[in-house]
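Below is one structure; the comments refer to it alone.
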Amino acid sequence: MPRAEILNLAAMAPAESEELLQKLLKGGFPEEMLARAVQITAGYPAAAKLLAQLVQEGRRDEVAELLRGEIYDVEKALVLPAQEIISEVRPNIVVANAALVERLRRQPESIYRLPARQFEEVIAELLDDMGFEVELTKQTRDGGKDILAYMNTGIGKFLCLVEAKKYRKDRKVGVELVRTLYGTLCDYQANSAMLVTTSSFSTDARAFQKKHEYQLSLQGYGDVVKWIQDYKRR
């Protein structure tokens, strides 16, 4: 899932998590509380970003309560859009057959022969295997939310919108689709968004993602193959 230049979808190592928190908090956080901040954000960039927002908004009493482990009303502090999105797209829980992923492990190139919808199911299955709660949405033409991927952390439940594009190897994903995905992320106020493809991304698409590296993730063919090779379910 993770790369240094893209949104981490699995937990980062403590040292990486601490470095990210220091960058987001710009030194405005007591050193003695940093270790606890690393612990409660569980290594997830989205969690670190939300904690930094609380600090930057001056809600230090709430942050202090959270770090001490006292009773903390996460629902009031962190506005999560899960219910709004669920009512909008009416998702159905769907996962691919594990045997299909095993076949792809032996012959990764056969992923190009999958129907687009089955490719979405494979991605949903891989994310589920990584520990996400996944929901495959109804097929629509608007893009931006083929899969809803949830992750529970120490400070709340976070949502990643996932769009899956099964393209030919020589057809790169352009910046327009990445901008559309970012627009969907903003519209629904999800925590992050990810575009997964069997191809790769244009230079403009990569440049746009870099501007929003803690909200947007781009995953190409090589990343998908690695997910398949790391698949653990039997």
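The values are calculated or read from the model by the stated rules, or taken from the named source; none is laboratory data. Here the structure is a predicted model, which means the values were calculated and not measured. Here the Cβ positions follow ideal geometry from the backbone for every residue, glycine too, while neighbour counts run over all protein chains shown. The area values use the complete protein model at the heavy-atom level, side chains included, leaving out ligands, DNA and RNA. Shrake-Rupley method; radii C 1.70, N 1.55, O 1.52, S 1.80 Å.
Filtering Val225, Val173 for residues that are touching a helix residue (DSSP H, G or I) at 6+ places or on another chain (Cβ under 7 Å) and open to solvent by less than 10 Å² (accessible area, probe 1.4 Å) leaves a single hit, Val173. Before we move on, is Glu121 acidic (Asp, Glu), in contact (Cβ under 8 Å) with a residue 12 or more places away in the chain, open to solvent by 10 Å² or more (accessible area, probe 1.4 Å) and not in a loop (DSSP other than H, G, I, E, B)? Judged against the criteria, Glu121 is a match.
Just wondering, is there one or more residues in the range 144-158 that are open to solvent by 50 Å² or more (accessible area, probe 1.4 Å), at positive phi, within 14 Å of the chain's Cα centre (by Cα) and modelled with pLDDT under 95? There is no residue in the range 144-158 that is open to solvent by 50 Å² or more (accessible area, probe 1.4 Å), at positive phi, within 14 Å of the chain's Cα centre (by Cα) and modelled with pLDDT under 95. Determine whether Leu216 is within 14 Å of the chain's Cα centre (by Cα), aliphatic (A, V, I, L, M) and over 16 Å from Lys49 (Cβ atoms). No: the conditions fail for Leu216.
Out of all the residues in the range 199-210, is one or more at pLDDT below 95, in a helix (DSSP H, G or I) and buried (at least 21 other Cβ atoms within 10 Å of the Cβ)? No, there is no match, as no residue in the range 199-210 is at pLDDT below 95, in a helix (DSSP H, G or I) and buried (at least 21 other Cβ atoms within 10 Å of the Cβ).
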